[in-house]
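The values are calculated or read from the model by the stated rules, or taken from the named source; none is laboratory data. The model shown is predicted, which means the values in this text are computed figures rather than measured ones. Glycine also receives a Cβ, built like all others from the backbone with ideal geometry; neighbour counts cover every protein chain displayed. Just the protein is used for accessible areas: all its heavy atoms, side chains included, with ligands, DNA and RNA removed. Shrake-Rupley method; radii C 1.70, N 1.55, O 1.52, S 1.80 Å.
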Amino acid sequence: MTLEQKKTDLKNLTQDELVEYVESLGQPGFRGRQILAWIYKPGITDFEEMTDLAKTFRAVLAKHARMSRFVDPITEISQDGAVKFGFRLNDGLMIESVLIPEEDRNTLCVSSQAGCAMGCRFCVTGSMGFQRNLSRAEIVNQVCAVRDWMLEHEEHCPKQELTNIVFMGMGEPLANMDNLLASLSLLTEQRGLDFATRRITVSTCGLVPQMLELGKQSTVNLAVSLHAADNATRDRLMPVNKRWPLEELLKACKEYPGKKRQRIMFEYTLFAGINDSDADAHRLAGLLKEIPCKINLLSVNKGEGEEFISPSNERILSFQEILRQENYTVFIRQSRGADISAACGQLAGKAAHKEQEIR
């Protein structure tokens, strides 16, 4: 660790913690709120740029603190416009984020861990194993870096504003709960990155206690990766089901303390011959009764195991129609960035290999 890295990283501090930090330096607490308003502005990289702080205090900050950021990310642009970013962490690990530009919105899929311990059999990230949790700064710096990239690439992003954040990248967000909640605070704080909670979605494979805690602590949207309508199939696909089977998971969804009219998003990836039959669709419809929800249907992406094959379009449409007849709101979600391994379940730090090729 360098001397610079030993300094306090202000992007690891929430607003309340920044207030406490500046008070420990002999300054009034409101200076912490001033600093928060500066460190998330585009292009601010030096304390000298914080012109409403006294020069003497700026010198103290420069001696004791730093503002981390990701620089020179590895980028790959898909034929469909999605952009994958590879970010090198201080310990040499690589994480990936994906920008999905659309006409009316720009969605960023962020990572919460390096690797993943959940071991879902169809997920490339899960196959690489767990390396470590990301810090708060490493989570929010993905957002800052992509926002800055967008400002420099107007030709690729005519709408130069990040509008939506989804925690659907590498890792299980609820397994990094403390840093997740702190990063959500920074993302939604008006002096921070100023996202509305309705524009942020946290996805989980089904960590039941942490789900309920998230609902108590935050009003962001919840997405649950379901992928099966019976325990035997879900056990086969997702080891987490052996710890929290469908009965416990769906009970938690019914009890989830969300906002009025807020609906849970259920993600259901269809695997030919495994979970895509009409019987599966009817079973799923029965399971989700009494849960205000929407359903996203996805087809499996390449690279997620030879035994996992995408059903035909006709089969997917038939599955959707059965759910619609049961009055569910059902979307067929098109994967973006599959040609650069940026689609759901494909993130695995492959940008590191790209970096080696460039060198």
(message) I'd like to check something: does the stretch 10-24 contain any residue that is on the phi < 0 side of the Ramachandran plot, touching a strand residue (DSSP E or B) at 6+ places or on another chain (Cβ under 6 Å) and assigned to a strand (DSSP E or B)?
(response) no
(message) One residue is enough: does the stretch 38-55 have a residue meeting the conditions under 30 Å from MET150 (Cα atoms), surrounded by 18 or more Cβ atoms within 10 Å (Cβ to Cβ) and either in contact (Cβ under 8 Å) with a residue 40 or more places away in the chain or in contact with a Pro (Cβ under 9 Å, 6 or more places away or on another chain) (or both)?
(response) yes
(request) Could you grab me the full set of residues in the stretch 18-32 that are buried (at least 16 other Cβ atoms within 10 Å of the Cβ) and either over 27 Å from TRP149 (Cβ atoms) or at pLDDT below 95 (or both)? (result) VAL19, TYR21, VAL22, GLN27, ARG31, GLY32
(message) Could you check the stretch 276-292 and list, in sequence order, the residues that are open to solvent by 10 Å² or more (accessible area, probe 1.4 Å) and touching a Phe, Trp or Tyr at 6+ places or on another chain (Cβ under 7 Å)?
(response) ASP276
(message) Given the criteria touching a residue at least 12 places away in the same chain (Cβ under 8 Å), of a type outside the set (Lys, Arg) and closer than 20 Å to CYS123 by Cα, does ALA228 qualify?
(response) yes
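Can GLU161 be described as out of contact with any Ser or Thr (no Cβ under 8 Å at 6 or more places or on another chain), modelled with pLDDT under 95, under 18 Å from THR201 (Cβ atoms) and not basic (Lys, Arg)? Talk me through it step by step, then tell me what you get.
Values: out of contact with any Ser or Thr (no Cβ under 8 Å at 6 or more places or on another chain): yes; modelled with pLDDT under 95: yes; under 18 Å from THR201 (Cβ atoms): yes; not basic (Lys, Arg): yes.
Yes: the conditions hold for GLU161.
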(request) Working only within the stretch 37-48, note down all residues that are within 18 Å of LYS63 (Cα to Cα) and either assigned to a helix (DSSP H, G or I) or within 24 Å of the chain's Cα centre (by Cα) (or both). (result) TRP38, ILE39, PHE47, GLU48
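With the structure loaded, tell me whether SER97 is of a type in the set (Ser, Thr, Tyr), farther than 30 Å from SER335 by Cα and buried (at least 19 other Cβ atoms within 10 Å of the Cβ) or whether it fails that test.
On the way: of a type in the set (Ser, Thr, Tyr): yes; farther than 30 Å from SER335 by Cα: no; buried (at least 19 other Cβ atoms within 10 Å of the Cβ): yes.
Here the answer is no, as SER97 does not meet what is asked.
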(message) Being of a type in the set (S, T, N, Q), in contact with a Lys or Arg (Cβ under 8 Å, 6 or more places away or on another chain), in contact (Cβ under 8 Å) with a residue 12 or more places away in the chain and surrounded by 19 or more Cβ atoms within 10 Å (Cβ to Cβ) is true for just one of ASN164, ASN179. Which residue is that?
(response) ASN179
(request) Check LEU174 against each of (1) farther than 26 Å from ASP16 by Cβ; (2) crowded, with 18+ Cβ neighbours inside 10 Å; (3) without any contact (Cβ under 8 Å) to a residue 60 or more places away in the chain and name the one condition it does not meet. (result) (1)
(message) Here is a check on your reading of the model: is THR204 free of Cβ contacts under 8 Å to residues at least 60 places away in the same chain, within 28 Å of SER127 (Cα to Cα), of a type in the set (Val, Ile, Thr) and surrounded by 21 or more Cβ atoms within 10 Å (Cβ to Cβ)?
(response) yes
(message) Which of the numbered conditions does GLY273 fail, given that it passes all the others? Conditions: (1) open to solvent by less than 30 Å² (accessible area, probe 1.4 Å); (2) within 21 Å of LEU317 (Cα to Cα); (3) assigned to a loop (DSSP other than H, G, I, E, B).
(response) (1)
(request) Residue by residue through the stretch 135-151, note down the ones that are closer than 21 Å to VAL83 by Cα and open to solvent by less than 30 Å² (accessible area, probe 1.4 Å). (result) GLU138, ILE139, VAL140, ASN141, GLN142, VAL143, CYS144, ALA145, VAL146, TRP149, MET150
(message) Just to be sure I understand the filter: pairs with C-beta atoms under 6 Å, separated by 6 or more residues or on different chains, first member in the stretch 57-79 and farther than 21 Å from GLU138 by Cβ and at pLDDT below 95, second member in a helix (DSSP H, G or I) and open to solvent by less than 50 Å² (accessible area, probe 1.4 Å). Which pairs pass?
(response) SER78/ILE340
(request) Evaluate the stretch 102-112: report whether one residue or more is open to solvent by 20 Å² or more (accessible area, probe 1.4 Å), modelled with pLDDT of 95 or more, touching a strand residue (DSSP E or B) at 6+ places or on another chain (Cβ under 8 Å) and within 30 Å of LEU3 (Cα to Cα). (result) no
(request) Could you check how many residues of the stretch 92-151 are among the charged types (D, E, K, R) and part of a loop (DSSP other than H, G, I, E, B)? (result) 5
